[in-house]
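Each remark here refers to the structure printed beneath this line.
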Amino acid sequence: MEILERKENDLLDRIEIDFRWRHEGKPTPSRNELLDMIATLEPKAKRDCIIVKDVNTRFGQPTTTGVAHVYGKPESMVVEASYLHERHGTGAGAVGDSESKPVEAEDVSGGEE
């Protein structure tokens with residue numbers, strides 16, 4: 001695996017990694033293989049604090065590219081969308097989570113009848 005770009009984002013407590021993985025003679029790597037490889041390449045990275053997204057393998061080419069976000073702690077991962085937490089099995093809630101409580105309607109009749 002080759003790291004194309006590595007940015008430290010202190011505001012969101014994460015490291016953003018653009019990567020490319022050449023896998024000649026092998027199938028497209030699974031999400032678990034990508035997580036394991038990112039965890040070994042990034043020092044102090046915990047596997048349960050990594051989100052892999054924007055993974056792309058072009059037809060007929062043995063190269064996979066993508067973006068990985070390595071968070072400092074699980075609480076920082078709330079900025080990621082809920083579907084990414086479901087895919088990765090992190091169980092952390094996300095901002096704007098679709099399972100939030102519904103808002104009850106207020107009485108807007110405007111006064112006396």
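On the basis of being in a loop (DSSP other than H, G, I, E, B), crowded, with 16+ Cβ neighbours inside 10 Å and either at negative phi or among the aliphatic types (A, V, I, L, M) (or both), does PRO29 make the cut?
Spelling it out, PRO29 is indeed in a loop (DSSP other than H, G, I, E, B), crowded, with 16+ Cβ neighbours inside 10 Å and either at negative phi or among the aliphatic types (A, V, I, L, M) (or both).
Taking only the stretch 10-26 into account, find how many residues are of a type in the set (D, E, K, R), in contact (Cβ under 8 Å) with a residue 12 or more places away in the chain and in a loop (DSSP other than H, G, I, E, B).
So the count comes out to 3.
Looking at the structure I just gave you, is VAL70 in contact with a Gly (Cβ under 7 Å, 6 or more places away or on another chain), part of a strand (DSSP E or B) and at negative phi?
No; evaluated as a whole, the condition is false for this residue.
Could you list all residues from the stretch 9-24 that are in contact with a helix residue (DSSP H, G or I) (Cβ under 7 Å, 6 or more places away or on another chain) and of a type in the set (Lys, Arg)?
Matches in the stretch 9-24: ARG14 only.
Of the residues that sit in the stretch 8-26 and are within 15 Å of the chain's Cα centre (by Cα) and within 16 Å of THR57 (Cα to Cα), which one is surrounded by the fewest Cβ atoms within 10 Å (Cβ to Cβ)?
Filtering the stretch 8-26 for residues that are within 15 Å of the chain's Cα centre (by Cα) and within 16 Å of THR57 (Cα to Cα), the one surrounded by the fewest Cβ atoms within 10 Å (Cβ to Cβ) comes out as ASP18.
Is it the case that GLU5 is more than 14 Å from the chain's Cα centre (by Cα) and over 20 Å from LYS73 (Cβ atoms)?
In short, yes.
Residues in the stretch 32-60 that are part of a loop (DSSP other than H, G, I, E, B) and in contact with a strand residue (DSSP E or B) (Cβ under 6 Å, 6 or more places away or on another chain): how many?
Qualifying residue count for the region: 2.
Among the residues of the stretch 40-58, which ones are of a type outside the set (Asp, Glu) and either touching a helix residue (DSSP H, G or I) at 6+ places or on another chain (Cβ under 8 Å) or modelled with pLDDT under 85 (or both)?
Across the stretch 40-58, the qualifying residues are PRO43, LYS44, ALA45, LYS46, ARG47, CYS49, ILE50, ILE51, VAL52, LYS53, VAL55, ARG58.
The values are calculated or read from the model by the stated rules, or taken from the named source; none is laboratory data. Since the model is a prediction, treat every value here as computed from it, not as a measurement. Note that we place each Cβ from the backbone using ideal geometry, even for glycine, and neighbour counts take in every protein chain shown.
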